[in-house]
Amino acid sequence: MGDPATGEPAVTRAWVLHPDIRTDDRRRDPARALDEAVSLAAALPGLEVAGAEVVRLPKPHPGMLFGSGKVAELKERLEAAEIELVLIDGPVSPVQQRNLEKEWGVKLLDRTGLILEIFSDRAATREGVLQVEMAALSYQRTRLVRAWTHLERQRGGLGFVGGPGETQIEADRRAIDEQLVRLRRQLAKVVKTRELHRKARAKVPFPIVALVGYTNAGKSTLFNHLTGAEVMAKDMLFATLDPTMRRVKLPDGGPEVILSDTVGFISDLPTELVAAFRATLEEVLAADLIVHVRDISHPETQEQAEDVRAILATLGVEEDTLQIEVWNKIDLLDPEHRAAAVNSAARDADIVALSAVTGQGMDDLLTAISQRLSGLRHETVLDLPFSEGRKRAWLHAEGVIEDEEQTEDGFRLTVLWTDRQAQKFHDL
């Protein structure tokens, strides 16, 4: 997609609408919701946001979402601004989408469609690409298969421009179903390979520390600061979509750890995508310590933190998993609020206030991680008789054996394990 004459990539002019529906019990602050929607749009390359507005509604209209007067008023504004794409920050039914596209003469994406496009553009690993394609195909199937063929490409992005429209809907549905079956087969192979990698990594006796947080909270900047890695760390929603892992040696004799940077969470994340990103989120489930990074300067930091906790609970993160909360971006607070945040964090062992950009508070975070993990793995010497072959095989499979020697009665094993592994062993 580009201008053949100049070689410049084509820019799609977009308009963002946030419907503020009075009857919606999950209603958010409309101005902040609109800001986030504009940031979402900015995360998609080739888009120029020409305008954005909140549209107040007593309730959604079934046929067009907005009332006829508002539809006509918006049509004039869109035509005057030469808009090609309208992004609606909320759910839009297939019927509403079709009617509005016809009325306004533009392409239209709802919040789920936009997030899918971003994920499609960002996914980097084979598994990520396959997962996004599956999620997008399932979503497009409910949209009367609008413009789905772009997903045959390895990398997505702006697939909403052009496409087959709604002709031969049943044939297209069958084609989508066949493609989903094919993708599931490919994914099963990829997941199997990944499972082998994960088992190999489990044998490395390093604790896993997973960074989680609302999108744009600064996780990738923090990850880069801690590891020296060059993970994309832009001021952009969903900058990271695939798990990135690095070994880090904690200072002052602390343990070596594997640090994992994960996809940012967001409110109303499409359920298809929470499922789709098991690849990334698996690292969180396997983590010995979760570091929840918050943008403490954001006006909705509390609501964002609650969204993250809710998604962690949905994923099945166990309550006894160790957690540290990081209040990031304190450099963006005024001096009074910064001092208050630092003092408040200092009184709570589970909170660290820092700036991943300036480096203030980074030592406190490393100390906190080290303290949480020290004693997490401990050494034990076990004497197993020959008859306990199953238990010995389990210890080998867990990768916790440091040393092993055969005795007259069986085996003497030196193991380095966690309390959880010790409990599982004794329950065998």
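The values are calculated or read from the model by the stated rules, or taken from the named source; none is laboratory data. These numbers were taken from a predicted model, which means no experiment stands behind them. Quick reminder, even Gly has a Cβ in these numbers, built from the backbone with ideal geometry, and neighbours come from all protein chains shown.
Could you please let me know if residue 75 is buried (at least 21 other Cβ atoms within 10 Å of the Cβ) and either in contact with a helix residue (DSSP H, G or I) (Cβ under 7 Å, 6 or more places away or on another chain) or within 30 Å of residue 184 (Cβ to Cβ) (or both)? No. Just one residue in the set 422, 393, 368, 341 is in contact (Cβ under 8 Å) with a residue 40 or more places away in the chain, not in a loop (DSSP other than H, G, I, E, B) and not assigned by TED's automatic domain parsing to the domain that holds residue 220; that residue is 422.
Looking at this structure, is residue 65 touching a strand residue (DSSP E or B) at 6+ places or on another chain (Cβ under 9 Å) and touching a residue at least 60 places away in the same chain (Cβ under 8 Å)? When the stated conditions are applied, residue 65 does not pass them. Taken over segment 344-365, residues that are over 18 Å from residue 250 (Cα atoms), of a type outside the set (A, V, I, L, M) and not in a loop (DSSP other than H, G, I, E, B) amount to 1. What do you reckon, is residue 103 acidic (Asp, Glu) and under 18 Å from residue 13 (Cα atoms)? So residue 103 fits the description; yes. In segment 354-382, the qualifying residues are those that are among the aliphatic types (A, V, I, L, M), modelled with pLDDT of 85 or more and closer than 16 Å to residue 256 by Cβ, and the one that is surrounded by the most Cβ atoms within 10 Å (Cβ to Cβ) is 369.
Let's see how each residue does on (1) modelled with pLDDT under 80; (2) assigned by TED's automatic domain parsing to the domain that holds residue 36; (3) over 20 Å from the mean Cα position of the chain (by Cα); (4) among the acidic types (Asp, Glu):
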site	(1), (2), (3), (4)
215	no, no, no, no
228	yes, no, yes, no
235	yes, no, no, yes
244	yes, no, no, no
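Of the residues making up segment 383-412, those that are within 26 Å of residue 287 (Cβ to Cβ), surrounded by 15 or more Cβ atoms within 10 Å (Cβ to Cβ) and among the hydrophobic types (A, V, I, L, M, F, W, C) are 394, 395, 400, 401. Being touching a Lys or Arg at 6+ places or on another chain (Cβ under 6 Å) and within 23 Å of residue 94 (Cβ to Cβ) is a property that residue 21 lacks. Restricting 180, 187 to residues that are at pLDDT 80 or above, in contact with a helix residue (DSSP H, G or I) (Cβ under 6 Å, 6 or more places away or on another chain), surrounded by fewer than 17 Cβ atoms within 10 Å (Cβ to Cβ) and within 20 Å of residue 119 (Cβ to Cβ) narrows the list to 180.
Suppose we filter 151, 87 for residues that are at pLDDT 85 or above and under 23 Å from the mean Cα position of the chain (by Cα); which single one remains? After applying the criteria, what remains is 87.
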